[in-house]
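Report on one structure; see the data block that follows.
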Amino acid sequence: MEMETLNRAGINYKDGLRRMSGNEALYRKFLKKFLQDESIVRLKDCLSEGDMEGVYEAVHTLKGTSGTLGMYDLADSCDAMCKKIRNQEADFDVNAIYSRYDAVVKAIGDME
Amino acid sequence: MKEKVLIVDDAELNRAVLEELLSPEYDTVCACGGREAIEIMDRERDNLALVLLDVMMPDMNGYEVLESMNFNGTLKRTPVIMVTAADSAEDEEKCLRMGAMDFVRKPYVTDVVKRRVKNVVELYRYQNGLEEVLEQKAETLSNVNEIIVAVLTSVLETKTAESREHIQRVRLYTRELLKFVYEHSDDKNGLTPQTIETICIASVLHDIGELLIPEAILRKNSSELTDEEQLVWQQHTVKGCQLIEPLRNIENKDYIRYCYNICRYHHEKWDGSGFPDRLVGDDIPICAQAVALAHDYDRLVVSKGYSHEQAVERIHDGLFHSFSPVLVETFQLVADNFRTILARNPEQGK
């Protein structure tokens, strides 16, 4: 079932729906829209340029939007990375973000 | 017409969610950063019912926007709800300290956002509305008053022995007395800075009743009047009230009430020997007591040729007869200010 697929990909469908006042069409519209969100691109670009301020902003933004849509695993990874950057620790796990991002994107892409 | 809400967020998805959320009830306009937000606020001025402002933005963050709104005064009329990250109590405290009305946490719970937006918009609608009404009222009153003063002082001047300077001085003396009572006396007599202003404006009309007294009587010195003429002249207090009565429908009830009381009771005396109603003591409204003393001082120094010191002494000796002990005492303390008012507003001569 689709809802389970989404849940397995780290999208808490029930909770995300609640955040949208239970409006299913709206929720799905925004899930689709998430595919166009450019934070992930910005994150990659800034990271390769060593622009840590830009990295922080991109991850922070991603944390907000993913949280709003019920993608709590992704939001958690972003949050962890934000904290590391704030504390100027270099051992952040950007790959956790990428893999969780890919998982939600795939699930949304498979959505009706 | 829907009220307009400005949404400021650098992430397009966030803007879209908020827009979707609010567009059923509000007109929405979006900015993708702080600078754009400020441009829009400059353009829209008082048109915005609310700003939803993200804290973390690349070009100019939410705090900087708040600061600028504080600086240029926008924040007084346009409320801001900040959008903060969930885990940052520090941010929330800072938002409120910098003048935001409220905050919502990311990730949003849509119903919470809607509710908070609605609350703040309504609160400000109410507050801005009230301020407007008050401003209009104050303006109406002062406009009307200026016209009344201008017309009536001309009329009073030509028809009676009153001069515009006298009317002006009585108004200023009255303020001095009441202000002192309000600031220093235990019993404020129901005075507030607002009522004092209203009383002073109302004091202008204290002798309006003289317009209905025959000129032949007004032109005479009070000592030359026969007993009968004296009685006719005393009627100016009651007749003034007849002129004021029809104004009772005017919205500012306080103003009319003070006009009436001043007009009718400014010749009453503390010991009950005054006219027209022979009121005693504090049965005489404080506004009329103050105007009576102001009026008396002015009559002594201007019409009767007393020196300031003589007039002060005279009023002091009249203790318990004409005026309330409290007012006489107050008068002694502010007498220097009376002299200054007199010096600044001398008779121009007709």
Q: Confirm whether A:Lys29 is farther than 19 Å from B:Val83 by Cβ and either facing chain B (nearest Cβ under 9 Å) or open to solvent by less than 30 Å² (accessible area, probe 1.4 Å) (or both).
A: yes
Q. Of B:Asp111, B:Asp102, B:Asp59, B:Asp54, which residue is open to solvent by less than 70 Å² (accessible area, probe 1.4 Å), out of contact with any strand residue (DSSP E or B) (no Cβ under 9 Å at 6 or more places or on another chain) and of a type outside the set (Lys, Arg)?
A. B:Asp59
Q.
Condition (residue is among the polar types (S, T, N, Q) and within 14 Å of chain A (Cβ to nearest Cβ)) applied to segment B:40-57: is it met by at least one residue?
A. no
Q. Within segment A:66-103, can you find the residues that are over 9 Å from the mean Cα position of the chain (by Cα), at the interface with chain B (Cβ under 10 Å from one of its Cβ atoms) and of a type in the set (Ser, Thr, Tyr)?
A. A:Thr68
**Q.** Test for B:Tyr306: is it among the hydroxyl-bearing types (Ser, Thr, Tyr), in a loop (DSSP other than H, G, I, E, B) and surrounded by 13 or more Cβ atoms within 10 Å (Cβ to Cβ)
**A.** yes
Q: Could you tell me which residue of segment B:200-242 is surrounded by the most Cβ atoms within 10 Å (Cβ to Cβ), considering only residues that are in contact (Cβ under 8 Å) with a residue 24 or more places away in the chain and not in a helix (DSSP H, G or I)?
A: B:His206
Q.
With the structure loaded, tell me whether B:Glu44 is open to solvent by 70 Å² or more (accessible area, probe 1.4 Å) and at pLDDT below 95 or whether it fails that test.
A. no
Q.
Quick check on my filter: what residues within segment B:280-294 are part of a loop (DSSP other than H, G, I, E, B) and either in contact with a Pro (Cβ under 7 Å, 6 or more places away or on another chain) or open to solvent by 10 Å² or more (accessible area, probe 1.4 Å) (or both)?
A. B:Val280, B:Pro285
Q. If you scan segment A:32-54, which residues turn out to be open to solvent by 80 Å² or more (accessible area, probe 1.4 Å), within 14 Å of chain B (Cβ to nearest Cβ) and within 17 Å of the chain's Cα centre (by Cα)?
A. A:Gln36, A:Glu38, A:Arg42
Q: Report, ordered by the first and then the second residue, all pairs with beta carbons closer than 7 Å, sequence separation of six or more or different chains, a first member in segment B:88-115 that is more than 10 Å from chain A (Cβ to nearest Cβ), and a second member that is among the charged types (D, E, K, R).
A: B:Met98/B:Glu67; B:Asp102/B:Arg116; B:Phe103/B:Glu92; B:Val104/B:Arg116
(Q) If A:Lys63 meets every condition in (1) more than 10 Å from every other protein chain (Cβ to nearest Cβ); (2) out of contact with any Lys or Arg (no Cβ under 6 Å at 6 or more places or on another chain) apart from one, which number is that one? (A) (1)
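The values are calculated or read from the model by the stated rules, or taken from the named source; none is laboratory data. Keep in mind that what you see is a predicted model, and the values were worked out from it rather than measured. Virtual Cβ from ideal backbone geometry, glycine too; neighbours counted across all protein chains shown. Surface accessibility is based on the protein's heavy atoms, side chains included, excluding ligands, DNA and RNA. Shrake-Rupley method; radii C 1.70, N 1.55, O 1.52, S 1.80 Å.
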